[in-house]
1. Taking the alpha carbon gyration tensor of the stretch A:151-203, what are the square roots of 5 times its eigenvalues, largest first, to the nearest whole Å?
2. Quick one: net charge of B:Tyr6's neighbours, Cβ under 9 Å, K/R +1, D/E -1?
3. Note the angle between two axes, namely the Cα long axis of helix A:146-180 and the longest principal axis of the Cα atoms of chain A, as a number of degrees from 0 to 90, rounded to the nearest 10.
4. Using a 10 Å cut-off around each Cβ of peptide A:101-110, what is the average number of partner chain Cβ atoms that fall inside?
5. Using only the alpha-carbon atoms, how far is helix A:184-232 inclined from the longest principal axis of chain A? Give it as 0 to 90 degrees, nearest 10.
6. What is the order of B:Tyr89, A:Tyr104, B:Tyr46, fewest Cβ neighbours within 10 Å to most?
7. The protein assembly as shown: D in µm²/s via Stokes-Einstein (Kirkwood Rh, Cα pairs, 37 °C, 0.692 mPa s)?
8. If the limit is 23 Å between Cα atoms, which of A:Lys295/A:Lys466; A:Lys538/B:Lys17; A:Lys341/B:Lys49; A:Lys503/B:Lys49; A:Lys174/A:Lys348; A:Lys243/A:Lys348 go over it?
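Here, each number is a calculation from the coordinates, and none is a lab measurement. Treat the numbers as computed from the prediction; the structure is a model and nothing was measured. We place every Cβ from the backbone using ideal geometry, glycine too, and count neighbours over all the protein chains shown.
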Amino acid sequence: MNRIRILLAALTVVGVPMLAHAAGTMEGGARQATNWSAISMFIVFVCMTLGITYWAAKQTKSAAQFYSAGGGITGFQNGIAIAGDYMSAASFLGISGLVYMSGYDGLIYSVGFLVGWPVVTFLIAEPLRNLGKYTFADVASFRLGQTEIRILAACGSLVTVAFYLIAQMVGAGKLIQILFGLDYWMAVVIVGVLMIVYVTFGGMLATTWVQIIKAVLLLSGATFMALAVLWQFGFSLEALFSKAVEVHPKHLAIMQPGTLVSNPISAISLGMALIFGTAGLPHILMRFFTVSDAKAARKSVFVATGLIGYFYILTFIIGFGAITLVATNPDFLDAAVVAIKGPIAAIKGGSNMAAIHLANAVGGNLFLGFISAVAFATILAVVSGLALAGASAISHDLYAIVIRRGRADEQQEMRVSKVATICLGVLAILLGIVFENQNVAFMVGLAFCIAASCNFPVLLLSMFWKGLTTRGAMIGGLLGLVSAVAMVVVSPAVWEQTLGNPKGSAPFPYENPALFSMTIAFVGIWIFSILDGSARAKVDRGGFDAQFVRCQTGIGASGASAH
Amino acid sequence: MAAQDYDAIQRNAKYQKLVRARSSFGWTLSAITLVIYFGFILLIGYAPKVLGIPIGGSVMTIGLPIGLFVIVSAFVLVGIYVYRANSTYDGLIRDVIEETRA
């Protein structure tokens, strides 16, 4: 009944943007003007999600419900939520913008983000569900020293979450400034506060539904845009591409690889960060505990892979649509720049705005408002997932098991989790403001790299290699974490662009160090494990067989309902 | 949860079959995924012009179907795994649990 009431309430609010739309058109089309149709549609989204949070809060009584929605999410729902967690505003606006700027190169980039999913399905998803309860540290520390591995996994999680979160907050602030005409700090505060509310009150259940709604909205909006573009060209791809080649200053070069992958080593290293990082992102791994069993876990990755792949195909069409419909329309271009640099570079607000302007071109001001609101919602959903993963690492891994040695009661643990969420939210707001004028583009790559070099090796080997010991995992994992961060600091993106050293002076030549830091982690774990003759090592190796049986069969796996 | 004897499970023929079949299938599919993706990346790195070959007389290049293939292959490989797991592995797991129930 409750759900129906919330839906009805939401439906009545949907009428509001129609009125605000009229106000929006009177405001005029200046980019900095407050965009009322976008804001009112965003308010509708917020009201809906707050309604869901209220509903979720009433069901969220136990720790199992808080961390994993009691394992009661279906495989299909979880698949949509995973896609929602993964399709960030950065990938929607960034990749369509990249396609708009350089055509084919955008496709190469999106492919890298997709191929991690098969690897997650084949190697990670089911063992993870069979062995874990709330966090991936449950799995990594299953037979190893609880204290050491929990600390390592929590560090890996928190560092990954921190960099990902900063990148999202800064991106959110900048984007919302352009889309809504709000001040940067206001945007960052709104995102931070809503994130805190969703997670502290609604836990995993609310976070999941925020992801699902956002994924459905984003996919519907992107589908509509792609269809509208194709419709303009009589559903002929040939016609669309011909027009794009004619309009774009690079002409035929947009139909083939350009400069994005100029150095194969660099490309392979980035590819490894994207593939294995996906399998080590704490907020993604956590989603596998929300379903009832391994079968549902595998179904959810199947759904997620399909949706994410479909989404990247849409962004490709959207990017080409922007070339043909945005770069040819003086309304979206800066006339002074067109004369010097041509139409593509002259896009108002930069290439990230390609999809936004295209929304205006194909659907008018109302659809522009819708897509802007969806972009805002997208950021909110992604940061909520991150905050929950970070808070769980603090409350479940560090507080309940390391500090209280597993003797904390559920209510205490949940209280710590909520306090941790509030602290993370406040910290995210502060860091978002501090990093406003910094180049944070490298941070998402760094987050993936740390996940691939610390979380992933420890997790994978703990599940599949009998010889892994606590000491090996600890030292190797730390080496991976430290080397990843160190190499990023001395890479061109940070050394030259952020720290301002002269061009060409960066000691590490490649964009992403995953190829090297992952090797260091795996070799480190291997060497320090085989050399480990301690008493603890005997326990670690002795525990493997029983763990492996549970990993393969799910016997003893934590069940679907609260305990 | 019924108390299960881990040794009994490990000795169970169906359990051994399950572990062998699933591991080799999972690692094989992972390898295929990596070969397809890194093959694509190496092609871009070392022979970008190949992907720029036009299809017939159109502006479309063979890079487009190849890129699309990489995306679709990810989904299809996951689908193949899920199908195999649902049709074979789940049944084996059920049998193992039945046969070794203490």
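1. After scaling each eigenvalue by five and taking roots: 25, 15, 6 Å.
2. Residues close to B:Tyr6 contribute a combined charge of -2.
3. Computed tilt is about 10 degrees.
4. Shielding by partners across A:101-110 averages 3.
5. Roughly 50 degrees, rounded to the nearest 10.
6. By the 10 Å Cβ count, ascending, the order reads B:Tyr46, B:Tyr89, A:Tyr104.
7. D = 128 µm²/s.
8. A:Lys295/A:Lys466; A:Lys538/B:Lys17; A:Lys341/B:Lys49; A:Lys503/B:Lys49
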